[in-house]
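The values are calculated or read from the model by the stated rules, or taken from the named source; none is laboratory data. Note that the structure is predicted; figures quoted are calculated from it, not measured. Quick reminder, even Gly has a Cβ in these numbers, built from the backbone with ideal geometry, and neighbours come from all protein chains shown.
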């Protein structure tokens, strides 16, 4: 959905937004803000850090999440990754993008100790 004064976002950007919302709703993780522009999705008038959404050869949108996790994490890193994948899949289905969603990969690129922020 386009915001006032912005062009409509592509489905790729819509999926990236869904992924960013899932990150925001998951305790103990945050998007990795650095990466030299490699780990971000741009379009629709915004840049979404920590989420790389790209269309694959089958026309689906693959998602790479690049994250920092609090240490110690509230659950195992594998469990946090599964929570994120499930949230993204459910939100994409609700938003009518379930058929467009491709693979979802999760990378923990950094660990944050108490008092440290990404």
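Can you name the residue in the stretch 88-111 that is under 17 Å from residue 41 (Cβ atoms) and outside any strand (DSSP E or B) and, of all such residues, is nearest to the chain's Cα centre (by Cα)? For the stretch 88-111, the residue satisfying everything is 88. A single entry from 33, 74, 114 fulfils the requirement of being under 14 Å from the mean Cα position of the chain (by Cα), surrounded by fewer than 18 Cβ atoms within 10 Å (Cβ to Cβ) and part of a loop (DSSP other than H, G, I, E, B): 33. Yes or no: residue 19 in contact with a strand residue (DSSP E or B) (Cβ under 6 Å, 6 or more places away or on another chain) and either at pLDDT 95 or above or farther than 22 Å from residue 98 by Cα (or both)? Judged against the criteria, residue 19 is a match.
Screening the stretch 52-71 for residues that are closer than 19 Å to residue 9 by Cα and not in a strand (DSSP E or B) and picking the one that is farthest from the chain's Cα centre (by Cα) gives 59. Among the residues of the stretch 80-101, are any at pLDDT below 95 and touching a strand residue (DSSP E or B) at 6+ places or on another chain (Cβ under 7 Å)? No, the conditions are met nowhere in the stretch 80-101. Flag: residue 23 does not match the condition of being crowded, with 16+ Cβ neighbours inside 10 Å and in contact with a helix residue (DSSP H, G or I) (Cβ under 6 Å, 6 or more places away or on another chain).
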